[in-house]
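Asker: Supplied in structure tokens, the structure appears directly below.
What follows is calculated from the coordinates using simple rules that are stated; it is not laboratory data. From a predicted model like this one, the values you see are computed outputs, not experimental measurements. Note: ideal-geometry Cβ built from the backbone for every residue, glycine included; neighbour counts use all protein chains shown.
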Amino acid sequence: MGFKYIGKDIPRPDAVAKVTGRVLFLDDIKLPGLLRAAILRPDYAHAKIISIDTSRAEKCEGVIKVVTGKGCKLVYGDNIRDLTPIAVDKVNYIGQPVAAVIAETLPQARRAVKKIKVEYEPLPVYIDARAALAGDAVLIHENSGEFWHLPGIAPIAGTNIANRYILKKGDIEKGFEEADVVVEGEFNYPFGSCSALEPHGAIVWFHDDNTIEAWSSSICPFIIREELARVYGLPVCDVRVHIPELGGCFGYKSDITVEQTIAYIAGQVPGRPVKWVATRKEDFLSTLIGHGMRTQIKIGARRDGKLTTLKTRILHSTGTSADTGVHVLIAATHNSTGSYEFPNCYLEGNSIYTNTPPVGAFRGYGHQESQLAVERMMDILARKLDMDPFELREKNYLGPGKVTSLGETLHKTNGDMKECADIVRGIVFSKPKEISEDEKYYYGRGFAALMKTPKGATFSSKSCYLKFNIDGSVSINMGGAEVGQGLRNVVRQVAAEALQIAPERIRVYTEIDTQFSPWEWQTIGSMFTTQGGRAIVRAADKAIRMLKETASQVLRVGIDLLDYDGDYVFLKSDPAARVPVPELGRGYTFDDGRTIGEVVHTTADARLPRQSNPDENGQGTMGITYTFGAQACELRIEKETGKIIIDHFVSAFDVGQVINPVQIRGQVVGGVMMGIGASLHEELKFTEEGKAVNPSFRKYRFPTIKDAPGKQTVEFVETPGEIGPFGARGIGEHPVVGVAPAILNAIYDAIGVDFYEIPVTKEKIKEALDRGKE
Amino acid sequence: MPEKITFTVNGTSRTVEIEGSEKLIYILREKLNLTGTKRGCDDASCGACVVVVDDEAVKSCTFPAKKLAGKEVLTIEGMANGTNLHPIQRALIDAGAVQCGYCTPGIVMELFALFHRKRDATDDEIKEVLSRHLCRCTGYEAIYDGALLARKYLSEAVDR
């Protein structure tokens, strides 16, 4: 099927406003009477608060109010209510809000906040889940058993276990009995920071009429709105949330986090708006961090390479709260199979309270953590079986008729894993390695397959409001957040295709405002193209039907005899009998002025069809739209220093249908770079006392242009899916998923050393090389 | 005590009151409402706040306001001529280098300073100045391509 507007490089509608610096990010917003807040963070990662002395701060110039958490009874969270907006009588992590100053200017607030004196009584600190699980560990939340939570999620009272998810498929013991070979290993994906260039922040304004207005650099306006309404006892309609331009997200601006803190602070000065934007250090430690996942994996296989069983146990150091991390862990657990069919599975995920900032979404959402394990193990298993690793993988790939860990049977429309693998293999591995080492370098090549599911919610939906204007141009309003990924252009191109109207005549919304925007759960899980696109197609179909209904009265024929081409509604049998679309958009006006028909504006939404909660085995319709891909790299390791140089990185994904080639390449190239950062450099480190070692861009080394691979090759397979518009699937998170295992497999190929955790820094390589020489 | 200083911003003379250790970024964003210049890192490591002062790319988050007297400052707001984009801006769009847009103003200003100094800057020189900027979205490929394209557009503009 040929498309007119899909699959074309159309420039993004927001590019001019961004390249001129005219778009407004949160920190650019100024409001009448705007006050600024600065927040005090604790000296300890786990301690009782004995006293807070605010007297000196209150006397500082420009200070309106000093705020503490004394007596605060507010709790929040949309999965588990284990969050408080500010520390009450105890601090649980180093970035937690302890007190705040509201002042006329930011410098005034910052000067005053330093004058607050707090006395603490330190408690034992647990950074790693294993320490928090020890029998004598003190409880980070004494009352965790009492937290409200969604069905299927439950803290284990009297322990630091926030939730345990267990998935059972088949018979794990039988699987191991059938195995000729068993391999096992333990892998670690350490803490990381999404580190968008724009720091997170919020403005909250308690109005005199008892309504709340908020602005946030968040991707979840409606969750913020609903949670603020619940906490402050207001009808949801009385809370208005704006989302201005977003300077990147990558996961951590999801859910509700800093907004509750700023609301609590702003609530002390009703009538005036209060703005707070994170310093970079606060962005590292006082929003959400990522990963912190340790995966123990055990795989059984027959001599012929057929996989018989998979056992994984994941320990997730989820931080002070599990609200934002619990689903990351569930996704990591049931996707720990990677792209393979295991007839028998026992997969266990444990969310453990620890003394770090809360762990939440990070591009990839659990997949890269547990698939680092399975993809490294496939190479290790192939060695043990003395089998070609591609042959081993091919014998076990998920595909039509195969059943995932969740019990879902796949179909052709879920995409073609083998085709992706064959493309990558053809590019990188079609010839034997030209060179293994020379005077300066060792050379290696590595491969990883990957699978991604969205981890949505049963009720999650995305909505579209579509309006025909008087000239036949179209306005579209949705609740999806543009974070840089190119969502607005996807909306425009999908709408153009669905309506057969040129993209230049379609205007897509800019800011989100819950007062006007149609409801959307949140823009997560790489699901906007799929669900949002379906919503657009549905809204367009309704609009076309309305145009035809009016035209059928004008042309005096049945609606079934009419067709539509974007410009006209016309009689199929006689296209000359037609009505121009602009004459139908607001109803049709006859020569005598009498007007008939409806104004053409429509709404529609789309969910992931039939999504369910997990059953007693942890299974259910919870993956729904699967996406497969393969990645590989060619690298060099400098003998002298241990430095790893990525010469070529190759990715192929079955995305169903490419919407915009330039944008989709940009998503993949950027995602791969993020994965390279995690694999080789990035780790957010904490001392044993829970203090952060490297919460700055200088010390937390995310890649610069000098770390970019020599070349990236990006290919797409297009096996249309059933849900997304014109067969399209999402791609935002997928490019990070296979990067670490591809690199670590290549490192083994180069120097014969198996690494089980990242980042593999040049120091670690050097140490391994020196060890080898001994 | 506040002190009054006068300098030029995007061709217009401005006088502002400055206090203590205020930095150029604060003057631009908070006192002159030129919010196109972005704050990303607080330690001069990300480049989002780069503006051009007397033809040099500087990080406005560390540039002391006190040193501004008599200087000529160019910010992102001064780059386009009405709706006519500067060739560097056009090139970044054409190369698909704009994603979230937060690092973009700093990169435009950095490239402006580079090409102002050396219209035919080499590939390595371009890479070197871009290495002072962090971008979390693009993986740098499209930004680098955009910079090469900008060099081409600028040389064509001169030839014409």
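Asker: Please give, to one decimal in nm, the separation of the simple spin-label points placed at A:Thr409 and A:Arg230, each 7 Å out from Cα toward the Cβ.
Answerer: Once both label points are built, they end up 3.8 nm from each other.
Asker: What does the charge count near A:Asn163 come to, summing +1 for each Lys or Arg and -1 for each Asp or Glu among other residues with Cβ under 12 Å from its Cβ?
Answerer: -2
Asker: Please compare each pair in A:Lys643/B:Lys38; A:Lys455/A:Lys685; A:Lys18/A:Lys90; A:Lys298/A:Lys452 to a cut-off of 31 Å on the Cα-Cα distance and tell me which ones are over it.
Answerer: Going by Cα-Cα distance, A:Lys643/B:Lys38; A:Lys18/A:Lys90 fall outside the 31 Å limit.
Asker: How tilted is helix B:141-159 with respect to the longest principal axis of chain B? Cα atoms for both, answer in degrees (0 to 90, nearest 10).
Answerer: The angle comes out near 90 degrees.
Asker: How many times 2.2 N^0.38 Å is the alpha carbon radius of gyration of the protein assembly as shown?
Answerer: Scaled against compact globular proteins, the figure is 0.95.
Asker: Do any trypsin sites (Lys or Arg not before Pro) in the range A:300-375 lie in a loop, going by DSSP, with at most 16 other beta-carbon atoms within 10 Å of their beta carbon, and if so which?
Answerer: A:Arg302, A:Arg303, A:Lys306
Asker: For A:Phe590 and A:Arg698, compute 0.36 nm times the residue count separating them, minus their Cα-Cα distance, and round to one decimal in nm.
Answerer: Roughly 32.0 nm would be gained on extension.
Asker: I need the calculated FRET efficiency for the pair A:Ile50 and A:Lys706, taking r as the beta carbon distance and R₀ as 51 Å, to the nearest 0.05.
Answerer: That pair, A:Ile50 with A:Lys706, gives E of 0.60.
Asker: Taking the alpha-carbon centroid of each part, what is the distance from the range B:130-154 to the range A:127-153 in angstrom?
Answerer: With the range B:130-154 and the range A:127-153 each reduced to a Cα centre, they are spaced 46 Å.
Asker: Here is a further query. Can you run phi through the Karplus equation (6.51, -1.76, 1.60; θ = phi - 60°) for the range A:249-265 and list ³J(HN,Hα) in whole Hz, with x for Gly and Pro?
Answerer: 9, 6, x, 6, 9, 9, 6, 10, 9, 5, 4, 5, 5, 5, 5, 4, 5
Asker: Out of the range A:678-746, which trypsin sites (Lys or Arg not before Pro) are coil in DSSP terms and have no more than 14 other C-beta atoms within 10 Å?
Answerer: When the trypsin sites (Lys or Arg not before Pro) of the range A:678-746 are filtered for loop state and at most 14 Cβ neighbours within 10 Å, A:Lys685, A:Arg698, A:Lys699 remain.
Asker: When Lys and Arg each count +1 and Asp and Glu each count -1, what net charge do the other residues less than 13 Å away from A:Gly532, Cβ to Cβ, add up to?
Answerer: After counting each charged neighbour, the total is +4.
Asker: At a temperature of 20 °C and a viscosity of 1.002 mPa s, determine how fast the range A:17-127 diffuses translationally according to Stokes-Einstein, using the Kirkwood radius over alpha-carbon pairs as Rh; express D in µm²/s, rounded to the nearest whole number.
Answerer: It diffuses with D of about 137 µm²/s by this estimate.
Asker: Placing +1 at every Lys and Arg Cβ and -1 at every Asp and Glu Cβ, with all other atoms neutral, what dipole size does the range A:461-607 have around its Cα centre, in debye to the nearest 20?
Answerer: Dipole about the Cα centre, nearest 20: 300 debye.
Asker: Say R0 is 56 Å: what FRET efficiency, to the nearest 0.05, do A:His648 and A:Asp567 get from their beta-carbon distance?
Answerer: 0.75
Asker: Now a separate question. Let me know the charge dipole size of the range B:87-159 about its Cα centre in debye, to the nearest 20, where only the beta-carbon of Lys, Arg (+1) and Asp, Glu (-1) is charged.
Answerer: Charge dipole, the range B:87-159, about its Cα centre: 240 debye, nearest 20.
Asker: With only alpha-carbon atoms in the gyration tensor, what are the semi-axes of the equivalent ellipsoid for the range A:564-675, in Å, largest first?
Answerer: Semi-axes (√(5λ), whole Å): 53, 25, 13.
Asker: Just flag the GluC sites (Glu not before Pro) in the range B:64-142 sitting in loop per DSSP whose Cβ has no more than 10 other Cβ atoms within 10 Å.
Answerer: Sites meeting the loop and neighbour criteria: none at all.
Asker: Measuring from label point to label point, each 7 Å out along Cα→Cβ, what is the A:Trp148 to A:Thr105 span in nm?
Answerer: So the two model labels end up 4.3 nm from each other.
Asker: When averaged across all projection directions, what area in nm² does the alpha-carbon convex hull of the range B:3-78 cover?
Answerer: Approximately 4.3 nm², given one-decimal rounding.
Asker: In sequence order, what are the phi-derived ³J(HN,Hα) couplings for the range A:376-390 according to the Karplus relation 6.51 cos²θ - 1.76 cosθ + 1.60 with θ = phi - 60°, rounded to whole Hz, with x for glycine and proline?
Answerer: 5, 5, 5, 5, 5, 5, 4, 4, 5, 7, 6, 10, 4, x, 5
Asker: Angle, helix B:104-117 long axis vs. longest principal axis of chain B, Cα atoms, 0 to 90°, nearest 10?
Answerer: Here the helix axis deviates by roughly 80 degrees.
Asker: With θ set to phi - 60° and the Karplus curve 6.51 cos²θ - 1.76 cosθ + 1.60, what are the ³J(HN,Hα) couplings of the range B:64-78 in order, to the nearest whole Hz, using x for Gly and Pro?
Answerer: x, 4, 4, 8, 7, 3, x, 7, 10, 10, 10, 10, 4, 5, x
Asker: Still on this structure, please answer the following. Taking the simple approach of a point 7 Å from Cα along Cα-to-Cβ for both A:Arg383 and A:Asp560, what is their distance in nm?
Answerer: Taking the two extended label points, one gets 6.7 nm.
Asker: Net charge within 14 Å of A:Phe590 by Cβ-Cβ distance, Lys/Arg positive one each and Asp/Glu negative one each, not counting A:Phe590 itself?
Answerer: Charge balance in the 14 Å sphere: 0.
Asker: What is the set of long-range amide H partners of A:Phe191 at a cut-off below 5 Å, with H atoms built 1.01 Å from backbone N?
Answerer: HN-HN under 5 Å from A:Phe191: A:Gly292, A:Leu684.
Asker: Could I ask something else about it? What whole number of Å gives the distance from the Cα centroid of the range A:182-223 to the Cα centroid of the range A:538-589?
Answerer: One Cα centre to the other: 45 Å.
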